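Just so you know, all these numbers are worked out from the coordinates, no wet-lab data involved. Because the structure is predicted, anything quoted here is derived from the model rather than measured. Quick reminder, even Gly has a Cβ in these numbers, built from the backbone with ideal geometry, and neighbours come from all protein chains shown.
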Amino acid sequence: MLSAPSGAGKSSLAKALTADPRFGVSVSHTTRPPRPGEQDGVHYHFVDGPAFARLVERQAFLEHAEVFGNRYGTSKAAVESHLKAGRSVILDIDWQGARRIKAAWPHALTIFIVPPSLEALEARLRGRGQDEEAVILRRMATARDEISHYREFDHVVVNDVFDEALADLRALVFEGRERRPLKLDPATLLAIG
């Protein structure tokens, strides 16, 4: 499971990891509208509020949560499909969802992605050019709280240089260990989070 504050790069890292055929990514459902370039069924399954509520009623999700006013859910069927095909599943979810999955599956590997600093996170959010100012400010306001949950995860990876963060993730996922020491010490994480 990969979790991170918005803009830390978890979706890009998850996509890069799934280039290996041993891994599949679970495409989440969401009620948020697609961003430019996003495709239904590829980036997310985009559904409206009533359709999402029906999926919740049918217990179609392993976990679901509301984040920034939109709902997100991890499909049981999608995860089961990957597992039946012999692939490990990468879940790209928020810390709330990771907590729920870890409670159900204690042996699941959880990795929290952090930016090198809050300033870098803000620069990334602005650089995407996808969100209005109010959305960026709201994401930054919640980033500290999101980062404070890093202690709930098995590992923390700093996404400062994408290729280095990807190498760290591959080492954790494929070798089951950290390749390099964490760049941020716990005191620095506490200062951010």
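May I ask for the net charge around E132, where only other residues with Cβ less than 15 Å from the Cβ of E132 are counted and Lys, Arg are +1 while Asp, Glu are -1?
The answer is +3.
If you take the beta carbon distance between D160 and A53 as r and set R0 to 35 Å, what does 1/(1 + (r/R0)^6) give as a FRET efficiency, to the nearest 0.05?
With a Förster radius of 35 Å, E is 0.30.
Within 10 Å of each residue's Cβ, count the other Cβ atoms and sort L109, L137, L2, L55 from fewest upward.
Result, fewest neighbours first: L137, L109, L55, L2.
To the nearest 0.05, what FRET efficiency results for A85 and E175 with a Förster distance of 25 Å applied to their C-beta separation?
Taking R0 as 25 Å, the efficiency between A85 and E175 is 0.65.
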